[in-house]
Amino acid sequence: MLRLRNLSGDYIERSYSAANYSSGDFLEFMVRLEPHGQMSALIRGLSSKSLIDVKGPFGKFGRLSLKEHPKKIILISGGVGISPFRSFIQESVSLAEDFPIDLFYGFRTGKDFLFQDEWKQYAGRLMVIPSVSEEDKTWTGERGFISEILPRYLEPNPESQVFICGPPPMVKATRE
């Protein structure tokens, strides 16, 4: 949870996932700035010396809920929902774990393809299937919502462990 104080002195608090693997000395967050969002306005006003309250982590999403010896991990993400998966992948690579990871990553247009160069560093360890959901004449990859792309690549496999993170409509469509 990130917490900032607005001009009235009230706290605004929102949930974000860390977007990097860290021992605690450096945290990165991916934040989608909404045009009229209260937290977005506060974030836009931050400087390099601003203080932010951080609480957490909360829950057991990701590594904490891994099976003891996973055979395969499937990560399904939409938009900035990529944040906890980036952290997961970085940690898995740093620990030299050997299970394969498939990342299905949906976003609006090619310019929204976050960490594209970083994913290339993990070739052989990570398979990335990106897809755009809006018209993008420069995009040459998959097109459509990520939930529509999945059946072309996946078949049910009880040995795979699946994690989903993204906007609620994407999560709902993917689970269905």
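The values are calculated or read from the model by the stated rules, or taken from the named source; none is laboratory data. Just so it is clear, the structure is predicted and the values come from calculations on it, not from any experiment. For neighbour counting, all protein chains shown are included, and Cβ atoms are generated from backbone atoms with ideal geometry for every residue, glycine included. Side chains are part of the model used for accessible areas, which takes the heavy atoms of the whole protein and leaves out ligands, DNA and RNA. Shrake-Rupley method; radii C 1.70, N 1.55, O 1.52, S 1.80 Å.
Restricted to the range 154-171, and to residues that are open to solvent by 90 Å² or more (accessible area, probe 1.4 Å), more than 16 Å from the chain's Cα centre (by Cα) and not acidic (Asp, Glu), which residue is farthest from Gly59 (Cα to Cα)? Please lay out each step first, then the result.
Just the residues of the range 154-171 that are open to solvent by 90 Å² or more (accessible area, probe 1.4 Å), to begin with: 155-156, 158-159, 168-169.
This time we only want the ones that are more than 16 Å from the chain's Cα centre (by Cα), so: 155-156, 158-159.
Now restrict to residues that are not acidic (Asp, Glu): 156, 158.
On the way: Pro156: 26, Pro158: 24 Å.
Ranking the qualifying residues of the range 154-171, first place goes to Pro156.
Taking the range 50-98 as the range and being assigned to a loop (DSSP other than H, G, I, E, B) and among the small types (Gly, Ala, Ser) as the test, the residues that pass are Ser50, Gly56, Gly59, Ala96. Quick one: is Leu42 buried (at least 16 other Cβ atoms within 10 Å of the Cβ) and within 20 Å of Ser147 (Cα to Cα)? Considered against the rule, which asks whether it is buried (at least 16 other Cβ atoms within 10 Å of the Cβ) and within 20 Å of Ser147 (Cα to Cα), Leu42 comes out as no. The set of residues from the range 8-21 being surrounded by 13 or more Cβ atoms within 10 Å (Cβ to Cβ) and either in a loop (DSSP other than H, G, I, E, B) or touching a Ser or Thr at 6+ places or on another chain (Cβ under 8 Å) (or both) comprises Tyr16, Ser17, Ala18, Ala19, Asn20, Tyr21.
Could you identify the single residue in Gly45, Gly81 that is without any contact (Cβ under 8 Å) to a residue 24 or more places away in the chain and within 21 Å of Met1 (Cβ to Cβ)? Steps first, answer last, please.
On the way: Gly81 fails: without any contact (Cβ under 8 Å) to a residue 24 or more places away in the chain.
Checking each option against the conditions leaves just Gly45.
Report yes if some residue within the range 138-153 is open to solvent by 90 Å² or more (accessible area, probe 1.4 Å), assigned to a strand (DSSP E or B) and of a type outside the set (A, V, I, L, M, F, W, C); otherwise report no. Yes, there is a match, as at least one residue in the range 138-153 is open to solvent by 90 Å² or more (accessible area, probe 1.4 Å), assigned to a strand (DSSP E or B) and of a type outside the set (A, V, I, L, M, F, W, C).
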